[in-house]
Amino acid sequence: MDKRKEVGDVFLYAKGLTREFGFGEHKTIAVNNVDFEFRRGEIISIVGESGSGKTTLAKMVLGLLNPTRGEIYFEGKPRDISGYAKRKRYWQNIQAIFQDPFSTYNIFSKVDTVLLDCIRLQGGELSKEEKFERMKEACKFVNLKFEELFNKYPFELSGGQMQRLMIARIFMLHPKLLIADEPTSMIDACSRATILDMLLKLREEIDMTIVFITHDMGLAYYISDTVYIMEHGVIVERGTADEAILHPKSDYTKRLLGDVPKIYEPWDFKKTSA
């Protein structure tokens, strides 16, 4: 999976983003004075252990949590998602794939309803035949046959199929930004590689920015243009994958790298004189 060397202009960024939970002595600062910027077509990884604040940050970007302080800017202006109409327009451009495919879907909604909701979100008038063709095309992109999914409930699919269906939704919506929160952690290794390939192919197809929320340093290095490392709600390291992972400055990043299992050590390959 080759990463492109060129990305577009900044279209979403934040200044001083902070999220607190609780009050008084029971207050917890989940995200603390964070700045970031996302560029068009860029692949970003936000890396940290459980409790580092990376998922809270993602939820604020998605508009599922309001910041306590700070501002998110979208397309050069302070983001305004007050009211249903403005939130809907924002969600046409910002979408997500979550860790647990089994909890992502409404158990009472069939697969075709899930895909039809994408068409409704985009707006516009399509005939029944046009809607059917759009859904078939999206399923074909992720190697699923719509005819085999039609009239089925998500729980009748495997975890890998459900994650593919989530990517089919993204294919239909063509968002500017996709937040992928541990999207492959609950599926087998073969499906994991396939899902990553599909996401990167989708990025190439529509010039979409992808933000991976992950604890996997190997994944972050392998796929990312830019890496942010979070500890206790603070970004302690940022830079290219080479800068942040091969040449880390933060002690926290060095500790995370120290926890990654090594197949070999550099000295294993040193030649010894006879």
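Nearest 10 degrees, 0 to 90: what angle lies between the long axis of helix 189-206 and the longest principal axis of the chain (Cα atoms)? Its long axis makes an angle of about 70 degrees.
Assuming charge only on the beta carbon of Lys and Arg (+1) and of Asp and Glu (-1), the dipole of the stretch 10-269 about its Cα centre is about 920 debye to the nearest 20. If you take all other residues with their beta carbon under 14 Å from the beta carbon of E71, and give Lys and Arg +1 and Asp and Glu -1, the sum is +1. Largest GNM mean-square fluctuation among G41, G63, G123, using the chain with Cα springs under 10 Å: G123.
Exposed loop sites were defined as GluC sites (Glu not before Pro) in DSSP loop states (anything but H, G, I, E or B) carrying at most 16 other C-beta atoms within 10 Å; in the chain the longest segment without such a site runs 126-274.
Considering only F171, F98, F23, the Gaussian network model of the chain with Cα springs below 10 Å gives its largest mean-square fluctuation to F23.
Which label marks the calculated value of semi-axes √(5λ) of the Cα gyration tensor in Å, given the options (1) 39, 22, 15; (2) 27, 23, 17; (3) 33, 25, 17? The value matching this structure is (3). With a sphere of radius 14 Å drawn around the Cβ of I81, what net charge do the other residues whose Cβ falls strictly inside it have (Lys, Arg +1; Asp, Glu -1)? Net charge around I81: +4. With K and R counted +1 and D and E -1, the other residues having a Cβ less than 9 Å from that of Y228 yield a net charge of +1. Of the residues V227, V111, V260, which exhibits the maximal mean-square fluctuation in a Gaussian network model of the chain defined by a 10 Å Cα contact cut-off? Of the options given, V260 has the highest mean-square fluctuation.
What angle, in degrees between 0 and 90 and rounded to the nearest 10, separates the Cα long axis of helix 159-173 from the longest principal axis of the Cα atoms of the chain? It is inclined by approximately 70 degrees. With neighbours defined as other Cβ atoms within 10 Å of a residue's Cβ, the residues D259, D117 order from fewest to most as D259, D117.
Quick note: the coordinates plus some simple rules give every number you see, no bench work behind them. Note that the coordinates shown come from a computational prediction; the quantities given were computed from them, not determined experimentally. FYI the Cβ positions are ideal-geometry reconstructions off the backbone, even for glycines, and counts take in every protein chain you see.
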